[in-house]
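Remarks on the structure that follows.
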Amino acid sequence: MRSALLALVAYSSICLAQVPVPPLAEYAQRRAALQKDLDGVVVLFGWVEESDEVYRKFQQSSFQYLTGFEEPGAILIVSPKSQVLFVSPRNERRERYNGKRVAAGDADAQQKTGFTEVLGVEKFEARLSKALEEAAPIYAFPNDTVTPRLKALAPLRDIKDLTPLLAKLRMKKSAAELETIRYATDASIQAHLESWKRLKAGNYEYQAASSFVQTYTDLGCEKPAYAPIFGSGPNSTILHYNSNRRRMDTGDIIVIDAAASCGGYASDITRSLPINGKFTARQKEIYDIVLGAQKAAVAALKPGVTLAQLTGIAKKYMEEHGGYGKYFIHGVGHHIGLDVHDLSTAGPLEEGAVVTIEPGIYIPDEKIGVRIEDVYLVTKDGNISLSDKLPKETPELEKALAR
Ligand code: GLY
Ligand code: MN
Ligand code: MN
């Protein structure tokens, strides 16, 4: 699948592509991994439908991670001995609007969900009481709006934060997850290349963004991994600028921080380019310091290191090359996965983690912002880049823009 997509990247015409997704059986393996050494009862709530839902909504990412179940109104219980999916009651009118949904008691409910126990949500309280006979605390997300109500259901139980348990599992990507992340990354590379064709003085930022969105959509990706950032000139210094309304001008640099979400998984790539195809000497000077800082951080990226340490390495490099550390005002990277900023804790990186490395220097007075962001898989003794096919040395970028 990967080589098929890379062939697409090589030719700029776009064909139909099948987005790879993790198989249903993998979700049961993830729940089994959560059950290992579990000393309590995990309770998670899925996304909740509004009465007049007109936008496409996506599952809450941790719920997605443990179930793969995309329908609204579901609840999950995982205890040491049980895995239970609770689903909304059948609502035929809703199904006329949204298509057929799983209901408890459907003959194919188990086969469709991969759960042996599929119950209606009305059974939740009783089944939770039973699960609590197995183990003491409840694990939930403290910021979940429903968590205070759990306290009322089981007033004598501690409610502990589920984040560390789940972050540890979500950090290490499976082979199937990696295949999907590679697809999202390759599609994002292709979309960057297409958007670059529209970098021209007089064009609007949104026109370049439009080519970006069209390209990943043509490759079967469902949404942007985050609002695409096409920040030219002064906007290159605004970290998450995404209104994309400005008319690009000759002499501008543009920060393009954009990526697709495909098969549920995000990528996250940034390039900074000259609108007229040639970096000025000053833009190139800043660019090469950011690139050097990225290379220094990537050289240290391996199991055991923390993202905070890598931020320190990138900042030190900038300090030692012109004293630019003060213009680097964010962390050097983050985990990616189901979320572009994936669930994680501050601890050391492990083999199988996928992270971004994205140093930047932003000088508003000079209207120069440069960020370079790539995606890396942490391997046993180092890392590999998943986005290195997208040019990033200044001569390569100028060559790509000349075409
Ligand atoms: N695109 C958001 C980020 O780089 O973190
Ligand atoms: Mn990022
Ligand atoms: Mn980004």
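No value in this document is a laboratory result; all are computed from the given coordinates. Computed from a prediction, not measured in an experiment: that's the story for all the values here. Cβ sites come from the backbone with ideal geometry, for glycine too, and all protein chains shown count toward neighbours.
How big is D, in µm² s⁻¹, for region 90-187 by Stokes-Einstein at 20 °C and 1.002 mPa s if Rh is the Kirkwood radius over C-alpha pairs?
Translational diffusion coefficient: 125 µm²/s.
Highest mean first, how do 94-104, 237-247 rank when packing is the count of other Cβ atoms within 10 Å averaged over residues?
Highest to lowest by the protection proxy: 237-247, 94-104.
Please tell me which of these pairs span more than 32 angstrom C-alpha to C-alpha: Lys278/Lys380; Lys112/Lys302; Lys278/Lys315?
Among Lys278/Lys380; Lys112/Lys302; Lys278/Lys315, the Cα-Cα distance tops 32 Å for Lys278/Lys380; Lys112/Lys302.
Report the label-to-label distance for Lys316 and Ala103 in nanometres (one decimal), using points 7 Å from each Cα along the Cα→Cβ vector.
6.3 nm
If packing is taken as the mean number of other Cβ atoms within 10 Å per residue, what is the order of 138-148, 220-230, 152-162, highest first?
Packing order, densest peptide first, comes out as 220-230, 138-148, 152-162.
How tilted is helix 307-320 with respect to the longest principal axis of the chain? Cα atoms for both, answer in degrees (0 to 90, nearest 10).
So the inclination is approximately 10 degrees.
Would you mind checking the pairs Lys36/Lys100; Lys123/Lys223; Lys81/Lys223; Lys123/Lys160; Lys57/Lys172 and listing those with alpha carbons more than 30 angstrom apart?
Lys36/Lys100; Lys123/Lys223; Lys81/Lys223
Scaled to the compact-protein estimate 2.2 N^0.38 Å, what is the alpha-carbon radius of gyration of the chain, rounded to two decimal places?
That ratio works out to 1.08.
Would you mind telling me which residue in Glu117, Glu50, Glu351 has the biggest mean-square fluctuation in a Gaussian network model of the chain, where springs connect alpha carbons within a distance under 10 angstrom?
Judging by the Gaussian network model, the answer is Glu50.
Based on the Cβ-Cβ distance of Glu95 and Leu156, what FRET efficiency does E = 1/(1 + (r/R0)^6) give at R0 = 35 Å, to the nearest 0.05?
About 0.30, to the nearest 0.05.
Among Leu150, Trp196, Ser79, which residue has its Cα positioned farthest towards the positive end of the charge dipole of the chain, with +1 placed on the Cβ of Lys and Arg, -1 on the Cβ of Asp and Glu, and the dipole taken about the Cα centre?
Projecting each Cα onto the dipole axis, the largest value belongs to Trp196.
What translational diffusion coefficient, to the nearest whole µm²/s, does region 276-351 have by Stokes-Einstein, given a Kirkwood radius computed over alpha-carbon pairs, a temperature of 20 °C and 1.002 mPa s viscosity?
It comes out at roughly 156 µm²/s.
Which of Glu134, Glu373, Glu53 ends up with the largest GNM mean-square fluctuation for the chain, with Cα atoms connected below 10 Å?
Taking springs between Cα atoms under 10 Å, the residue moving most is Glu53.
Would you calculate a helix-derived [θ] at 222 nm for the chain, using -39,500 (n - 2.57) for each DSSP H run of n ≥ 4 and dividing by the full residue count, to the nearest 500?
About -10500 deg cm²/dmol.
Where in region 243-264 does the amide nitrogen come within less than 19 Å of the point 7 Å from the Cα of Ala281, taken along Cα to Cβ?
Backbone N within reach: 251-253.
Please work out the FRET efficiency for the pair Trp47 and Ile238, using the Cβ-Cβ distance as r and a Förster radius of 30 Å; give the result to the nearest 0.05.
Rounded to the nearest 0.05, the efficiency is 0.45.
D for region 167-229, whole µm²/s, Stokes-Einstein with Kirkwood Rh over alpha-carbon pairs at 10 °C and 1.306 mPa s: what number?
For these conditions, the coefficient is 122 µm²/s.
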